[in-house]
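Read the structure below first, then the notes.
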Protein chains: 2
Amino acid sequence: MNTVITIGREFGSGGREFGYKLAKELEVAYYDKQILSEIVDKTEYSREYVQDIIESRPSYIMPSTVSVGTSIGCEYQLIQMKEIVQAQTEVILEMASRSSCVIVGRCADYILRDVENVRLFRIFIYADLQSRIKRCIDRAPEGENYTAKELEKHIKRVDKNRAGYYSDFTLQKWGDKNNYDLCINTSKIRIDDAVTNVAKLL
Amino acid sequence: MNTVITIGREFGSGGREFGYKLAKELEVAYYDKQILSEIVDKTEYSREYVQDIIESRPSYIMPSTVSVGTSIGCEYQLIQMKEIVQAQTEVILEMASRSSCVIVGRCADYILRDVENVRLFRIFIYADLQSRIKRCIDRAPEGENYTAKELEKHIKRVDKNRAGYYSDFTLQKWGDKNNYDLCINTSKIRIDDAVTNVAKLL
């Protein structure tokens, strides 16, 4: 039976680093950006369009001019979104059936909730806002000089989109601890320590 | 510097067992029922009265006949509650200053939030309702035969009281993951495994 560890994460909390290192520690596959590539392969849409859909709240990408008169265009866009959501579901299910793995984001915890022959373990990584701003500053690429205020705005916008997409897709609240087996606050817990000890729980 | 681990927990999730075993693993003091005894020692009230106050939402213990005409009695009761809350705060602060320890419940995470010279680590233990009912049935003393329905009602009532007391005391939401460093769902994670690995994080 494959063990699939899903990682939900607040922006800037180190969730991706945690997921990557956990996969390495467990010697299992790691899926993050590859999910987007596989969704693109399954549909006829551009990478940019798919990314817009799955990284923004679907309702946000509706043209602001939508009205009764444009209902046909709106309906067409809904069909496109449905196709992308369907492709996302298929991609996650295929990944889980291939081998044990770590999957970051993409509502994988929800998609895999009732799948037989998968041992599912759902983790949520979060941190307080100050730790997340500090992490972003510490890891900024050379030449990137966002202020703490700008980073705070960016963090909140990304999280709002993630929460919205998750809620539209699952009808559950993003980050609600009841939907996870373990929630780790990286404000105080070092990611390497969390990886070592979570790996032993699995 | 003393390390103090506070344990918030849903009823029936195994939070006390986790806390007791963690204290044993770390070879530090464990405080649970003793908190009540020390509060009683600090006040002039009976054990039963103090227990009523700290295990129920304060507003619940107001006499149902309270009206304008009984406002003096009501005020007297408020003074008593304030004394008990003050004693609770002092007891927790004293425990944290004595030695490293594990403290179960009693808003200790909030009381110790800004205390210098204490390394605070806040854990919340929870589980889905079915796991909690099963746990209560598995551990029921001989002769106790509550039905699942009765246990569900009891679990919900205890948690409602805990949430209410916590919220009255701290103005925070009980069980909100942002107030904890680690939240562990014992529906899937074995308590002994959690103890071993959390101990290594500290």
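The values are calculated or read from the model by the stated rules, or taken from the named source; none is laboratory data. Owing to the predicted nature of the structure, the values given are computational and were not obtained by experimental measurement. Quick reminder, even Gly has a Cβ in these numbers, built from the backbone with ideal geometry, and neighbours come from all protein chains shown. Ligands, DNA and RNA are stripped out before the accessible areas are found, and what is left, the full protein with its side chains, is counted by its heavy atoms. Shrake-Rupley method; radii C 1.70, N 1.55, O 1.52, S 1.80 Å.
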Checklist entry - How large is the helix-only mean residue ellipticity at 222 nm for chain B, computed as the sum of -39500 (n - 2.57) over DSSP H runs with n ≥ 4, divided by its residue count, in deg cm²/dmol to the nearest 500? => result -17000 deg cm²/dmol
Checklist entry - With the Cα gyration tensor of chain A giving a ≥ b ≥ c as the square roots of its eigenvalues, does the rule (a/c under 1.5 for rounded; else a/b larger than b/c for prolate; else oblate) give rounded, prolate or oblate? => result oblate
Checklist entry - In a shell of Cβ-Cβ distance under 12 Å around B:Arg119, excluding B:Arg119 itself, what net charge do Lys and Arg (+1) and Asp and Glu (-1) give? => result 0
Next on the checklist: As a test of the definition: with a 1.4 Å probe, what buried accessible area, both sides summed, do you compute for A against B, in Å² to the nearest 100?
Outcome noted: 1900 Å²
Checklist entry - Taking a 32 Å limit on the Cα-Cα distance, which of the listed pairs A:Lys177/B:Lys200; A:Lys42/B:Lys188; A:Lys21/A:Lys149; A:Lys42/B:Lys177; A:Lys82/A:Lys153 fall beyond it? => result A:Lys42/B:Lys188; A:Lys42/B:Lys177
Checklist entry - Once the principal axes of the Cα atoms of the stretch B:111-162 are found, what is the range along each, listed largest first in whole angstroms? => result 47, 21, 19
Next on the checklist: From the gyration tensor of the Cα coordinates in the protein assembly as shown, what semi-axes in whole Å does the equivalent ellipsoid have, largest first, with each one equal to sqrt(5λ)?
Outcome noted: 43, 25, 23
Checklist entry - For the protein assembly as shown, what % of the accessible area comes from carbon and sulfur atoms, probe 1.4 Å? => result 50 percent
Checklist entry - Using a Gaussian network for chain B with springs between C-alpha atoms less than 10 Å apart, which of these wobbles most: B:Asp168, B:Asp176, B:Asp128? => result B:Asp176
Checklist entry - Roughly speaking, what is the centre-to-centre gap between the stretch A:175-198 and the stretch A:1-52 when only Cα atoms are used, to the nearest Å? => result 17 Å
Next on the checklist: With equal scatterers on the alpha carbons only and no solvent term, can you work out the Debye log10 of I(q)/I(0) for the stretch B:1-53 at 0.24, 0.29, 0.31 1/Å?
Outcome noted: -0.96, -1.07, -1.13
Checklist entry - Anyone know which of A:Arg162, A:Arg98, A:Arg135 comes out most mobile in the 10 Å Cα GNM of chain A? => result A:Arg98
Checklist outcome for this item: Treating only Lys and Arg (+1) and Asp and Glu (-1) as charged, each at its beta carbon, one finds that the stretch A:131-181 has a dipole about its Cα centre, in Debye to the nearest 20, of 180 debye
Item to check | Residues with amide H under 5 Å from that of A:Ser187, placed H, sequence gap 5 or more | outcome: A:Asp128
Checklist outcome for this item: Taking placed amide H atoms and a strict 5 Å upper bound, the residues 5 or more places from B:Asn2 or on another chain that come that close are B:Arg119
Next on the checklist: Explain nothing, just the number: dipole magnitude of the protein assembly as shown about its Cα centre with +1 on each Lys and Arg Cβ and -1 on each Asp and Glu Cβ, in debye rounded to the nearest 20.
Outcome noted: 40 debye
Item to check | Under Karplus coefficients 6.51, -1.76 and 1.60, residue-wise ³J(HN,Hα) of the stretch A:97-105 in Hz, glycine/proline x | outcome: 8, 5, 6, 4, 6, 10, 10, 9, x
Checklist outcome for this item: Of the candidates B:Val195, B:Val158, B:Ile79, the farthest towards the positive dipole end of chain B (Lys/Arg Cβ +1, Asp/Glu Cβ -1, centred on the Cα centre) is B:Val195
Checklist entry - Across peptide A:193-202, what mean number of C-beta atoms from other chains lies inside 10 Å of a residue's C-beta? => result 4
Next on the checklist: How are the alpha carbon pair distances in the stretch B:85-197 distributed across 5 Å bins from zero to the largest one, expressed in percent?
Outcome noted: 2, 9, 17, 19, 19, 16, 12, 5, 1, 0
Checklist entry - Using θ = phi - 60° and the Karplus curve 6.51 cos²θ - 1.76 cosθ + 1.60, what whole-Hz ³J(HN,Hα) does each residue of the stretch A:192-199 get, with Gly and Pro shown as x? => result 4, 5, 4, 4, 4, 7, 5, 4
Checklist outcome for this item: Amide H contacts under 5 Å for A:Val102, restricted to residues at least 5 apart in sequence or on another chain and with H modeled in the peptide plane, are A:Ile5, A:Ala29, A:Tyr30, A:Tyr31
